[in-house]
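Input: one structure, supplied below.
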Amino acid sequence: MKLTRKELVLKYIVEDYVRTALPVGSHTLLANHKLSLSSATIRNVMAELEKEGFIEKTHTSSGRVPSIKGYRHYIEHLRSEKIDKNLRFELDKLFDGSKSIDEVLNESCQILSHMTKLATCVLGPSVTDEILVKLETIPTNENCFTIIFVTGNGYVGNKNFILNKNINVDYIVRITDFINSELSGSKLIDVTRKLKSLKLISSENQEIFNFVIQTLITTFSDLFIKRGSSFYGKNNLLQQPEFKDNVEEVRKIFEIFSNSDKLSELFADCGEEISISIGNGRYKDISIITKDIRVPNSSQELGRIAVVGPTRMDYDKVIQHLNYTVEMILNHLNDLKEVKINE
């Protein structure tokens, strides 16, 4: 599609500013691009763009920088669609069919952070509406057992334990079977509360019963409540010109992405399509691009991936990389018989 003169100038301003972090003037545009326009014409076009709110003048230079409106117009109308060959290569190596979905999600985020030179985050799926289908204890030998939680969306969470020699593992299994009959069909958000409210089975040992309850609460929390988020590429943010001398802003970003509850709130409106937040509210100096990950032809949610950086980020590159990464993750799922949460 052929761009108008105004669109072409805006496109180059955005791309030059993203690359250099320096305000862009008419002479810079002429020097960097083969424009069949005079310097005076470019200045007039830039004046129009500024009047319409697509670019802004800084206090320290006669050049211009993109506004939030300008970035959004670029994202929606002016960016190209190309995938870095290096990203393809790195992801192809990752998806070898032998890794769990959690490993794939986290390693994909690390690759994405490396390729974009920004920070990335993977946020585990919400447990708000998820149902516990089954709770089971499986003996592995005379003093070891594995706890397994199965949810309605197909997640299988498991954790291994070693028992005190004075506790019979078959006894643990019998108590767990009773607890399963009480909890099966419960929403995950209610499981901890229900576990705490369960009463001792007649003739059972109170100490062992309490041990099982506490073990289940701890295991459930580790597998579902605390599965939360992983944050990669913090040092990439520190290398960005906007943040090098702005410790407070970086601290704020780190605080957000180390808190699963804050992240869940931040990503509440994220959908399967790309969601882009540019300098909104209290996070005016950062942009966050997120994408929800769902199993194809299913309501099963795997989580969300986000790329975090300054408002002066390479949106073209980030969006294409994020889309491609999620596409590869979903393709990988076709080769997995079940989605697992690792111990």
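Taking Asp285 and the conditions (1) open to solvent by less than 40 Å² (accessible area, probe 1.4 Å); (2) modelled with pLDDT of 75 or more; (3) in contact with a Pro (Cβ under 9 Å, 6 or more places away or on another chain), which numbered condition does it fall short on, given that it satisfies the others?
(1)
With the requirement that a residue be open to solvent by 60 Å² or more (accessible area, probe 1.4 Å), in a strand (DSSP E or B) and not aliphatic (A, V, I, L, M), what does the range 140-183 give you?
Thr140, Asn141, Asn160
On the basis of being part of a helix (DSSP H, G or I), modelled with pLDDT of 75 or more and open to solvent by less than 40 Å² (accessible area, probe 1.4 Å), does Phe243 make the cut?
Yes.
Can you name the residue in the range 75-101 that is within 23 Å of Asn236 (Cα to Cα) and modelled with pLDDT under 75 and is also most open to solvent (accessible area, probe 1.4 Å) among such residues?
Lys82
Can you name the residue in the range 301-319 that is open to solvent by 20 Å² or more (accessible area, probe 1.4 Å) and under 22 Å from Asn106 (Cβ atoms) and is also modelled with the lowest pLDDT among such residues?
Going through the qualifying residues, I end up with Glu301.
Identify, by number, the condition in (1) at pLDDT 80 or above; (2) not in a helix (DSSP H, G or I) that Lys194 doesn't meet.
Result: Lys194 fails condition (2) only.
Now, a different point. Take Leu22 and tell me if it is part of a loop (DSSP other than H, G, I, E, B), of a type outside the set (Asp, Glu) and over 33 Å from the mean Cα position of the chain (by Cα).
So Leu22 does not fit the description; no.
Looking at the range 25-44, which of its residues are farther than 14 Å from Arg5 by Cβ and under 38 Å from the mean Cα position of the chain (by Cα)?
Gly25, Thr28, Asn32
Can you tell me which of Ile68, Ile13, Ile75, Ile42 is β-branched (Val, Ile, Thr) and touching a Lys or Arg at 6+ places or on another chain (Cβ under 8 Å)?
Just one listed residue meets the conditions, Ile13.
Let's see how each residue does on (1) free of Cβ contacts under 8 Å to residues at least 24 places away in the same chain; (2) part of a helix (DSSP H, G or I); (3) out of contact with any strand residue (DSSP E or B) (no Cβ under 9 Å at 6 or more places or on another chain); (4) among the polar types (S, T, N, Q):
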position	(1), (2), (3), (4)
Leu29	yes, yes, yes, no
Ala40	yes, yes, yes, no
Asn44	yes, yes, yes, yes
Leu49	no, yes, no, no
His59	yes, no, yes, no
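The values are calculated or read from the model by the stated rules, or taken from the named source; none is laboratory data. Bear in mind the structure is a predicted one, so any value in this text is a computation, not a measurement. When we count neighbours, we look across all protein chains shown, and the Cβ atoms used for this are built from the backbone with ideal geometry, even at glycine. Just the protein is used for accessible areas: all its heavy atoms, side chains included, with ligands, DNA and RNA removed. Shrake-Rupley method; radii C 1.70, N 1.55, O 1.52, S 1.80 Å.
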